Amino acid sequence: MNTKIIDPGKLRSFQRVTSADGYFLICALDHLSDFQELLNSDLSQVTYQQTGEAKNKLIRALADQCTAFLLDARYGLAQAIASRALPGSVGLMASVEDEDYKPSTATRTTRFRENWGTKQMKMLGVDVCKLLWFFRPDSSVADHQREVVRALAKECTALSLPLVVEPIWYPLEGEDPKSDAWRERRVAGIIESAREANALGTDMLKVEFPGYVDSDAGKAEALAACQQLDASINVPWVILSAGVGYDSFKTQVEIACNAGASGFLAGRSIWRDAASTKDPELREKARLDAANRLTELANITRACGKPFSPRLEGEDLTHAFPEFWYEKWQR
């Protein structure tokens, strides 16, 4: 991964969501109905207040182990800030979309949250904008989806707001996601999607794990795929958890970091039990377990990962930012 030059506003935002030594140790809590389903399988019994309070309890329990949280506008952002559940020292990412992880058709296009966008994120103090991006280069809506990222990247750049894109590979009609052929195509597709998102102007990638860790051969193939992904892009990248079991995700983080990833941006694999357990004592234990998982993942990331800490010094710094540089910056 060759670091591309970024503007000082974006660099400052990245500093707020990474550790001092340059790692992304981020907890995702921007889930919508799938989070509520953990609270109660009968969604009619889950209120807006209960959802927000449940997220705040998790934030308070995990904040010391995170460099940032990824939150949603509906249940998370303002609530976490106003309640002071989110410490000022912890970074903040926000999702811009209004959709779930269950594509229903082969022509699914990105749906943005109504009356919510990058300007509001910037005003709220959000450090990074995140886009969930269902993408297949061989689908009929591929060009539309490319334009979505291209336009959003331009919008974010105008605000010096970093954009992280989360490409999701999905089956087209007639494809069997359980078949060996599709599983192989998915691995290649994850790499293709990362390459495409990178070329469209994203500043960071949150990627699905390109492989499977159910055998030694699978782990070796996954490492090679991660190395290929890393060589194909010039922005930092992290692994998402996709709700897999924690032990599997821990293995995925180690493999990805050994190939050049700079951390993780994970949710359910870490805190699922802490959200779904009904017994108060067991729930408290589950929160402690989730915090310990974050600590363990951070240790793996630091042992194996590639830090993202671009810097300029001396003549390079003076050349990039000569005296009165601000007169022409973002005008």
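Would you be able to say whether some residue in the stretch 116-129 is in contact with a strand residue (DSSP E or B) (Cβ under 9 Å, 6 or more places away or on another chain), over 22 Å from residue 235 (Cα atoms) and at pLDDT below 95?
Among the residues of the stretch 116-129, not one is in contact with a strand residue (DSSP E or B) (Cβ under 9 Å, 6 or more places away or on another chain), over 22 Å from residue 235 (Cα atoms) and at pLDDT below 95, which makes the answer no.
Spot the failing condition for residue 178; the list is (1) outside any strand (DSSP E or B); (2) crowded, with 18+ Cβ neighbours inside 10 Å, and only one is missed.
All conditions pass for residue 178, except number (2).
From the list 80, 63, exactly one residue is out of contact with any strand residue (DSSP E or B) (no Cβ under 7 Å at 6 or more places or on another chain), modelled with pLDDT of 95 or more and either buried (at least 17 other Cβ atoms within 10 Å of the Cβ) or outside any loop (DSSP other than H, G, I, E, B) (or both). Which is it?
63
Would you confirm, using the coordinates I've provided, whether residue 19 is crowded, with 23+ Cβ neighbours inside 10 Å, more than 19 Å from residue 286 (Cα to Cα) and under 16 Å from the mean Cα position of the chain (by Cα)?
Judged against the criteria, residue 19 is not a match.
Considering the stretch 240-257 alone, what residues qualify as being touching a strand residue (DSSP E or B) at 6+ places or on another chain (Cβ under 8 Å), more than 13 Å from residue 272 (Cβ to Cβ) and not aliphatic (A, V, I, L, M)? Before you say what the answer is, go through the steps one by one.
Taking the stretch 240-257 and keeping what is touching a strand residue (DSSP E or B) at 6+ places or on another chain (Cβ under 8 Å), we get 240-241, 249, 252-253, 256-257.
Then drop every residue that is not more than 13 Å from residue 272 (Cβ to Cβ), which leaves 240, 252-253, 256-257.
Residues satisfying the conditions are 252, 257.
Residue by residue through the stretch 191-224, note down the ones that are in a helix (DSSP H, G or I), hydrophobic (A, V, I, L, M, F, W, C), in contact (Cβ under 8 Å) with a residue 12 or more places away in the chain and under 16 Å from residue 253 (Cα atoms).
Result: 222, 223.
Testing residue 130 on (1) in contact with a helix residue (DSSP H, G or I) (Cβ under 8 Å, 6 or more places away or on another chain); (2) of a type outside the set (Gly, Ala, Ser); (3) under 23 Å from residue 35 (Cα atoms), one condition comes back false. Which one is that?
(1)
With respect to residue 108, determine if the residue is charged (D, E, K, R), at pLDDT below 90 and farther than 18 Å from residue 206 by Cα. Give the steps one after another, and end with the answer.
Details: charged (D, E, K, R): yes; at pLDDT below 90: yes; farther than 18 Å from residue 206 by Cα: yes.
Yes, satisfied.
Checking residue 311 against (1) exposed (fewer than 12 other Cβ atoms within 10 Å of the Cβ); (2) over 29 Å from residue 199 (Cβ atoms): exactly one of these is not met. Which one?
Among (1) exposed (fewer than 12 other Cβ atoms within 10 Å of the Cβ); (2) over 29 Å from residue 199 (Cβ atoms), the lone unmet condition for residue 311 is (2).
Kindly provide the set of residues from the stretch 307-331 that are in a loop (DSSP other than H, G, I, E, B) and within 19 Å of residue 13 (Cβ to Cβ), ordered by number.
307, 308, 309, 310, 311, 312, 321, 329, 330
Whether any residue in the stretch 153-171 is touching a residue at least 40 places away in the same chain (Cβ under 8 Å), small (Gly, Ala, Ser), more than 15 Å from residue 237 (Cβ to Cβ) and not in a helix (DSSP H, G or I) is what I want to check.
The answer is yes, given that some residue of the stretch 153-171 is touching a residue at least 40 places away in the same chain (Cβ under 8 Å), small (Gly, Ala, Ser), more than 15 Å from residue 237 (Cβ to Cβ) and not in a helix (DSSP H, G or I).
Going through the stretch 274-288 one residue at a time, which ones are farther than 27 Å from residue 128 by Cβ and in a helix (DSSP H, G or I)? Steps first, please.
Here is the first cut: in the stretch 274-288, the ones farther than 27 Å from residue 128 by Cβ are 276-286, 288.
Within the stretch 274-288, 276, 280, 281, 282, 283, 284, 285, 286, 288 qualify.
Could you say whether any residue in the stretch 29-40 is modelled with pLDDT of 95 or more, touching a Pro at 6+ places or on another chain (Cβ under 9 Å) and crowded, with 24+ Cβ neighbours inside 10 Å?
no
Going through 22, 9 one at a time, which residue ends up being in contact (Cβ under 8 Å) with a residue 40 or more places away in the chain and part of a helix (DSSP H, G or I)?
Among 22, 9, only 9 is in contact (Cβ under 8 Å) with a residue 40 or more places away in the chain and part of a helix (DSSP H, G or I).
The values are calculated or read from the model by the stated rules, or taken from the named source; none is laboratory data. Treat the numbers as computed from the prediction; the structure is a model and nothing was measured. Don't worry about glycine lacking a Cβ; one is built from the backbone with ideal geometry, like all the others, and counts go over all protein chains shown.
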